[in-house]
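Taking it in order: structure first as structure tokens, then the write-up.
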Ligand code: NAP
């Protein structure tokens, strides 16, 4: 791997800065230490906010064409270094190398997309009701943005936020997850090489996440918080941001229903389910979480599904063709095992897996549970592990009500060939995203985001940049 991308210091005002203390980043596969990263304090966060505030004065005045060029140069460097970035991502996060590479390219696709959207930040000229005035609409960058990201997509969650922010003319202070700060720092190194001016992007790795969060939400110059992570932390940050009336984008937890109707193509539903469920070993916010299967095809479905799941390959993410890798940490492993235990104690049956791997200490065997019901913890919480929880159902009203009977509203999936039913599902599923006959939803052209407790705001698409723009109206007589 290219060692120049392995950065262990904070990136503030275009400089690599060391704090007095460091924290260790380990490889989830074998818990081997891979880096000792500088542990930023509130003072570092304040330095970063000041740098971003100073840089905003000039960055916000650049032309969209200039900002677009910087973003394209950054994108090119990320693509050029995609293999190195992918390796770094796998060793700090654990996911299979091919998935890591896909994440790098997926993240880069947002940078390219928003480089192009920067050119289309258009105002408006509106007709005045009395015919005596000119009504102008201007779109202006909101200011300094505080960005806080999770460990499950250490590169893409940053790219999805930083790209529209920079395109709009904002500057940013990023607090990456302390499990996975290395991808964020490598991205900063490439931004530096791309010539993005000092202070426009700042990265403050820290284990003092609550303190850094408070520094960002209480600063009068930080005008927006963009957060991806758990619903609980999102609520805390929203409450803090309210004091300062900051804008917020919240990409929070999901609990996706995956509904297989009686007219579904079983093989294609299983393929979609495997793709949605086992990506990142089940640790994604859009992972299928509750699998509703119509009772007429339930037996056939579980037979074919069980065979597929038993064939999955386990191991180190760096080993070729491995599909299921280590979960991020012991807390994550304990949670998944607790959910399996609670479900089986309440009547669920293990068809495949159900236990930790004997060969690899931090991997849970891919698992299929049947006879799950909607009241079990495993159906009410995000599993965040390689476990399929199957719930039989008999009619459309019942399954739509069950799918919606939850506080989350991020992704949902359904397999059916019936046009009327598809229209009804699109109307009635209370989710920000609905996948019909597909288990893969996300790309840069589409608005990613949730409703209800899964958050607010959208990332990607032509809508994604508006979260980083304020509207100013001028009335001229
Ligand atoms: P998390 O515990 O909420 O942490 C996310 C980030 O918030 C990390 O950087 C964390 O720092 C920081 N943080 C924790 N407590 C904080 C506080 N009090 N104030 C400020 N920052 C704080 O979530 P996670 O476990 O990393 O990620 C998994 C969750 O993210 C899941 O619920 C998943 O569904 C959700 N997610 C949602 C999306 C989406 O687009 N909707 C995408 C990916 C993930 P430390 O790491 O230092 O604790």
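Annotations for the structure displayed:
- 10 °C / 1.306 mPa s Stokes-Einstein diffusion coefficient of the chain, Kirkwood radius on C-alpha pairs, µm²/s: 69 µm²/s
- Taking every DSSP beta bridge that has both ends in the chain, the antiparallel portion is near 40%.
- Between the helical axis of 182-193 and the longest alpha-carbon principal axis of the chain there is an angle of about 30 degrees.
- Fewest-first sequence of 11, 106, 413 by Cβ atoms within 10 Å of each Cβ: 106, 11, 413
- Three-way shape label, the range 256-436, alpha-carbon gyration tensor, a/c 1.5: prolate
- Nearest-0.05 FRET efficiency for residue 122 and residue 423, computed from C-beta distance (R0 25 Å): 0.15
- Gyration tensor (alpha-carbon) shape descriptor, the range 1-122, a/c threshold 1.5: oblate
- Between helix 231-243 and the chain: long-axis angle, C-alpha atoms, 0 to 90°, nearest 10: 30 degrees
- Relative packing of 121-134, 221-234, 432-445, which averages over residues the other C-beta atoms within 10 Å, highest first: 221-234, 432-445, 121-134
- Förster radius 30 Å - calculated FRET efficiency between residue 218 and residue 137 (Cβ-Cβ, nearest 0.05): 0.45
- Stokes-Einstein D in µm²/s, Kirkwood radius over Cα pairs - the range 315-412 at 25 °C with 0.890 mPa s viscosity: 168 µm²/s
- Shown here: the range 369-477, whose C-alpha atoms stretch 68, 32, 23 Å along the first, second and third principal axes, sorted largest to smallest.
- Among beta bridges that DSSP assigns inside the range 256-436, antiparallel share in %, nearest 5: 15 percent
- Of all DSSP bridge pairs formed entirely within the range 65-179, close to 40 percent run antiparallel.
- Reported to the nearest whole Å, the Cα centre-to-centre distance from the range 388-441 to the range 1-75 is 40.
- Using the rule -39500 (n - 2.57) for each DSSP H run of four or more residues, divided by the residues of the chain, the 222 nm mean residue ellipticity is -12000 deg cm²/dmol.
None of the figures in this text is laboratory data; all of them are computed from the coordinates on show. This structure is a prediction, so every number in the text was calculated from the model and none was measured. Don't worry about glycine lacking a Cβ; one is built from the backbone with ideal geometry, like all the others, and counts go over all protein chains shown.
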